[in-house]
Amino acid sequence: MDTRFLGIAELTEVPSVAVVVDVMRAFTVAAWAFARGAEKIVLAESLDAALELKGRHPDWVALKDGSPAPGFDAVNSPGMLRSTDLGGRTVVQKTTAGTVGALAVKEASLVLCAGFVVAEATAQCLRTRGCDGVTFVVTGEDGRADEDLACAQYIARRAADAATDAAEFLRRAGESRAAGELADGVRQGVHPDDVELCLELDRFPFAMVAALEDSLMVLRPHEVPSLTDAAPI
């Protein structure tokens, strides 16, 4: 499998297959939203767009980075979201990096959104679909976020070699700038368990596929058959 690891700004053409990685915290949060019963997640282009969607659909759950803000129901924290009942709900998500990266490749034939919590399911999805070329979009820090790059490299290796050990990749992520900022309270809207939850390998037995639906980029869980009994939720 031919792989490329690019930052959002380095995307000069539409890839055929894209894996958009945001470990801390957008796609860890997205996975938890699905685990808590969300039907789908609409990836918003801006905060105003998220609020406009919320205004048209008052029953949708609007979620953003940082501290709470008027009009938004939740913040981008897995520790906070894990106790929320989202059964059958639609979530609107806008974050600094993850949602931006997914929207940047919205024309790709296959878009997977990932973090460590869905790493194996994502790798298996790539294997079963026989993807020859994959572009991994490293969303954080202009493509230099080590937690995202480590996760992307791990998924790429798992897609090619099921024997790959995760320990070194998780260590890099745990020592990343983002992990330090979350642990030290530099970022807002943080739960004390956020870093630990973002580093929980293969917590969920599904991949997450994003696709255009009526002009909106919509993220949905994609069950991987051999993993459906892999991890309790």
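Derivation of every value follows stated rules applied to the coordinates shown; laboratory data play no part. Just so you know, these numbers come straight off a predicted model, no measurement behind them. Cβ coordinates were reconstructed from backbone atoms using ideal geometry, including for glycine residues, and neighbour counts include every protein chain displayed.
With the dipole of segment 2-223 worked out from charges on the C-beta (+1 for Lys and Arg, -1 for Asp and Glu) around the Cα centre, which of Thr128, Met24, Ala167 lies farthest toward the positive end?
Thr128
Taking the Cα centre of segment 2-223 as origin, sum charge times position over the Cβ atoms of Lys and Arg (+1) and Asp and Glu (-1), and report the length of that vector in debye to the nearest 20.
For segment 2-223, the charge dipole is close to 340 debye.
Could you tell me which residue out of Gly185, Thr139, Gln153 lies farthest along the dipole of segment 108-233 toward its positive end? Charges go on the beta carbon: Lys and Arg +1, Asp and Glu -1, centred on the Cα centre.
Positive-end residue among those listed: Gln153.
Among Asp65, Asp73, Asp146, which one shows the biggest mean-square fluctuation in a GNM of the chain, springs joining Cα atoms closer than 10 Å?
Taking springs between Cα atoms under 10 Å, the residue moving most is Asp73.
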